[in-house]
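A.B. asks: Let me begin by handing over the structure; questions about it come next.
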Amino acid sequence: MKVLGIETSCDETGVAVYDTTLAGAAGLRAHGLYSQIALHAEYGGVVPELASRDHVRKLLPLIRQTLAEADLSIDDLDGVAYTAGPGLVGALLVGAGVARSLAWALDLPAIGVHHMEGHLLAPLMEDDPPKPPFVALLVSGGHTQLVAVEAIGQYRLLGETLDDAAGEAFDKTAKLMGLPYPGGPQLAALAEQGTAGTYKFSRPLTNRPGLDFSFSGLKTQVMLAWKKSDQSDATRADIARGFEDAVVDTLTIKCERALEEAGCDTLIVAGGVGANKRLRAQLQAMATKRGGRACFPRPALCTDNGAMIAYAGALRLQAGQHDDAAVRVAPRWDMASLPAV
Ligand code: KG4
Ligand code: ZN
């Protein structure tokens, strides 16, 4: 089954074709991404109306381009998957409207995909995918969650952030030290030049039981340290390193605890912060020490993309699930309410 995937929940237009007859990474026939970063940079964050308008401009050309790269015509498709939530309502409606129209015109089944399920399943698109049960760490700009995955589509929330998401903490911390939007990847790059231990920030909520996170206090600690400092480039890098180490340690401690609690040794990691090198290395080391493994998508599939939507949609369409023809989106949507596949 060849499924077209469309992602427009925030500031990236993503399109991909996933072919379920080809195993693992080979199934991803093509994927294209158009990032709106430059458009939003001057505002220091995503402007929802501008995001929607840009998806309108970019989506159809990107679909044509991606199909051409996959060497497929629109008539070769067997299904359409699109992000139906959570996300910005206007942005979601652009993808849903185009996907629904295509499905209607081509008489194909179509399904609205949960964006976070897309992220969660992305590691399974790579070669040698793990089989459930496993624990998933979802770390993006909007979410930080630990989820027990009993089976595809059966998700039990183990813990989540009580305030800022990990990616949001990266972005806000970067911003307060003067880095341009979106600061997460730039802060991570800067941390590479910093010296570990020069600045030591807390590992929030790790000294008590539980699997919830809190990252907003960390941002305040950084702000105070930055204000008191000489604000030189070297200091900025040292603070970035201290902040990154605090977030990575905190996530690692909680992941190990979650594996312990769920009684399993396989961790899958997804979402934009999953592209972070130090996080990948530390989680892999922790899982290996336990005799298990940590599985990640390639960095390009950690951040928002159409491939994860094509893949998640393909699994559900293949199982005979699809939605009716209404253009429906869900800006807020609990992943635990999804049906099993
Ligand atoms: O999953 P994603 O692309 O979008 C959402 O659904 O939120 O995640 C974007 C988030 C941003 O906060 C970005 O700063 C963060 O992921 N991010 C990183 C890195 N690359 C992206 N954070 C830390 N280190 C990175 N290398
Ligand atoms: Zn995302």
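The values are calculated or read from the model by the stated rules, or taken from the named source; none is laboratory data. What you see is a predicted model; the values in this text were computed from it and never measured. Cβ: placed from backbone, ideal geometry, glycine included. Neighbour counts: every protein chain shown.
A.B. asks: Mind checking which pairs have a first residue in segment 12-28 that is farther than 21 Å from residue 130 by Cβ and a second that is within 16 Å of ligand 2 (Cβ to nearest atom) and among the charged types (D, E, K, R), Cβ under 7 Å, 6 or more apart or different chains?
C.D. replies: What qualifies is 12/304; 14/7; 14/304.
A.B. asks: Does segment 116-133 include one or more residues that are under 29 Å from residue 26 (Cβ atoms), more than 12 Å from ligand 2 (Cβ to nearest atom) and small (Gly, Ala, Ser)?
C.D. replies: Applying the first criterion (under 29 Å from residue 26 (Cβ atoms)) to segment 116-133 yields 116-133.
Those still in the list that are more than 12 Å from ligand 2 (Cβ to nearest atom) too: 121, 123-133.
So of that shortlist, the ones also small (Gly, Ala, Ser) come out as none.
There is no residue in segment 116-133 that is under 29 Å from residue 26 (Cβ atoms), more than 12 Å from ligand 2 (Cβ to nearest atom) and small (Gly, Ala, Ser).
A.B. asks: In addition: Determine the pairs where a residue that is closer than 16 Å to residue 339 by Cα, located within segment 298-317, has a partner that is among the charged types (D, E, K, R) with Cβ atoms under 6 Å apart, the partner being 6 or more residues away or on another chain.
C.D. replies: Hits for this filter: 312/117.
A.B. asks: Suppose the filter is within 20 Å of residue 330 (Cα to Cα) and away from ligand 1 (no atom under 16 Å from the Cβ); does residue 110 pass it? It would help to see each step written out before you state the result.
C.D. replies: On the way: within 20 Å of residue 330 (Cα to Cα): yes; away from ligand 1 (no atom under 16 Å from the Cβ): yes.
Spelling it out, residue 110 is indeed within 20 Å of residue 330 (Cα to Cα) and away from ligand 1 (no atom under 16 Å from the Cβ).
A.B. asks: Would segment 329-338 turn up any residue that is more than 22 Å from residue 91 (Cα to Cα), out of contact with any Lys or Arg (no Cβ under 6 Å at 6 or more places or on another chain) and hydrophobic (A, V, I, L, M, F, W, C)?
C.D. replies: If we filter segment 329-338 for residues that are more than 22 Å from residue 91 (Cα to Cα), which is where we start, we get 336-337.
From what's left, out of contact with any Lys or Arg (no Cβ under 6 Å at 6 or more places or on another chain): 336-337.
Retained after the next criterion (residues that are hydrophobic (A, V, I, L, M, F, W, C)): 336.
Checked against the condition, which is being more than 22 Å from residue 91 (Cα to Cα), out of contact with any Lys or Arg (no Cβ under 6 Å at 6 or more places or on another chain) and hydrophobic (A, V, I, L, M, F, W, C), segment 329-338 yields at least one hit.
A.B. asks: Tell me whether segment 203-211 contains one or more residues that are part of a loop (DSSP other than H, G, I, E, B), within 16 Å of ligand 1 (Cβ to nearest atom) and either more than 18 Å from the chain's Cα centre (by Cα) or surrounded by 22 or more Cβ atoms within 10 Å (Cβ to Cβ) (or both). First the steps, then the outcome.
C.D. replies: To start, the set of residues in segment 203-211 that are part of a loop (DSSP other than H, G, I, E, B) comprises 203-211.
This time we only want the ones that are within 16 Å of ligand 1 (Cβ to nearest atom), so: none.
No, every residue in segment 203-211 fails to be part of a loop (DSSP other than H, G, I, E, B), within 16 Å of ligand 1 (Cβ to nearest atom) and either more than 18 Å from the chain's Cα centre (by Cα) or surrounded by 22 or more Cβ atoms within 10 Å (Cβ to Cβ) (or both).
A.B. asks: Here's something else I'd like to know. Test each condition in (1) away from ligand 2 (no atom under 16 Å from the Cβ); (2) touching a residue at least 12 places away in the same chain (Cβ under 8 Å) for residue 107 and report the one that comes out false.
C.D. replies: It is condition (2) that residue 107 fails.
A.B. asks: So, one more: Can you tell me which residues in segment 313-341 are touching a strand residue (DSSP E or B) at 6+ places or on another chain (Cβ under 7 Å), within 17 Å of residue 80 (Cβ to Cβ) and assigned to a loop (DSSP other than H, G, I, E, B)?
C.D. replies: 321, 322, 323, 328, 329
Conditions tested, residue by residue: (1) part of a helix (DSSP H, G or I); (2) in contact with a Leu (Cβ under 6 Å, 6 or more places away or on another chain); (3) of a type in the set (Gly, Ala, Ser); (4) farther than 19 Å from residue 32 by Cα.
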{"residue": "46", "(1), (2), (3), (4)": "no, no, no, yes"}
{"residue": "49", "(1), (2), (3), (4)": "yes, no, no, yes"}
{"residue": "53", "(1), (2), (3), (4)": "yes, no, no, no"}
{"residue": "58", "(1), (2), (3), (4)": "yes, no, no, no"}
{"residue": "61", "(1), (2), (3), (4)": "yes, no, no, no"}
{"residue": "66", "(1), (2), (3), (4)": "yes, no, no, no"}
{"residue": "72", "(1), (2), (3), (4)": "no, no, no, no"}
{"residue": "82", "(1), (2), (3), (4)": "no, no, no, no"}
{"residue": "90", "(1), (2), (3), (4)": "yes, no, yes, yes"}
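A.B. asks: Which residue is nearest to ligand 1 (Cβ to nearest atom), if the candidates are limited to segment 222-246 and must be part of a helix (DSSP H, G or I) and of a type in the set (Gly, Ala, Ser)?
C.D. replies: So the residue we want is 240.
A.B. asks: Suppose we filter segment 297-306 for residues that are aliphatic (A, V, I, L, M) and more than 12 Å from ligand 2 (Cβ to nearest atom); how many remain?
C.D. replies: Keep residues of segment 297-306 that are aliphatic (A, V, I, L, M), which gives 300-301.
Narrowing further to those that are more than 12 Å from ligand 2 (Cβ to nearest atom): 300.
Here the count works out to 1.
A.B. asks: With respect to residue 305, is the statement that it is within 30 Å of residue 110 (Cβ to Cβ) and either modelled with pLDDT of 95 or more or hydroxyl-bearing (Ser, Thr, Tyr) (or both) true? Step through it out loud before you land on a result.
C.D. replies: Details: within 30 Å of residue 110 (Cβ to Cβ): yes; either modelled with pLDDT of 95 or more or hydroxyl-bearing (Ser, Thr, Tyr) (or both): yes.
So residue 305 passes the test.
A.B. asks: Related question: Could you go through segment 183-193 and let me know if any residue there is more than 14 Å from ligand 1 (Cβ to nearest atom), over 18 Å from the mean Cα position of the chain (by Cα) and at pLDDT 95 or above. First the steps, then the outcome.
C.D. replies: The initial filter retains those residues of segment 183-193 that are more than 14 Å from ligand 1 (Cβ to nearest atom), namely 193.
Imposing the further condition that a residue be over 18 Å from the mean Cα position of the chain (by Cα) reduces the set to 193.
If we keep only those that are at pLDDT 95 or above as well, we get 193.
Looking for residues that are more than 14 Å from ligand 1 (Cβ to nearest atom), over 18 Å from the mean Cα position of the chain (by Cα) and at pLDDT 95 or above, one finds at least one in segment 183-193, hence yes.
A.B. asks: Another one. For segment 247-260, what are the residues that are farther than 14 Å from residue 139 by Cα and either touching a Gly at 6+ places or on another chain (Cβ under 9 Å) or not in a helix (DSSP H, G or I) (or both)?
C.D. replies: Of everything in segment 247-260, those that are farther than 14 Å from residue 139 by Cα and either touching a Gly at 6+ places or on another chain (Cβ under 9 Å) or not in a helix (DSSP H, G or I) (or both) turn out to be 257, 258, 259.
A.B. asks: A follow-up question, please. If we keep just the residues of segment 241-296 that are β-branched (Val, Ile, Thr) and under 17 Å from the mean Cα position of the chain (by Cα), which is nearest to ligand 2 (Cβ to nearest atom)? Before you say what the answer is, go through the steps one by one.
C.D. replies: Going residue by residue through segment 241-296, those that are β-branched (Val, Ile, Thr) are 247-248, 250, 252-253, 266, 268-269, 273, 288.
Checking which are under 17 Å from the mean Cα position of the chain (by Cα) leaves us with 247-248, 268-269, 273.
Working: 247: 17, 248: 19, 268: 15, 269: 13, 273: 10 Å.
Out of the qualifying residues, it is 273.
A.B. asks: Only one of these conditions is not met by residue 158: (1) over 23 Å from residue 8 (Cβ atoms); (2) buried (at least 23 other Cβ atoms within 10 Å of the Cβ); (3) hydrophobic (A, V, I, L, M, F, W, C). Which number is it?
C.D. replies: (2)
A.B. asks: Sort out which residues of segment 180-200 are outside any helix (DSSP H, G or I) and crowded, with 21+ Cβ neighbours inside 10 Å, and write them in order of number. Break it down stepwise before answering.
C.D. replies: Initially, segment 180-200 is screened for residues outside any helix (DSSP H, G or I), giving 180-183, 192-200.
Matches in segment 180-200: 182, 183, 194, 199.
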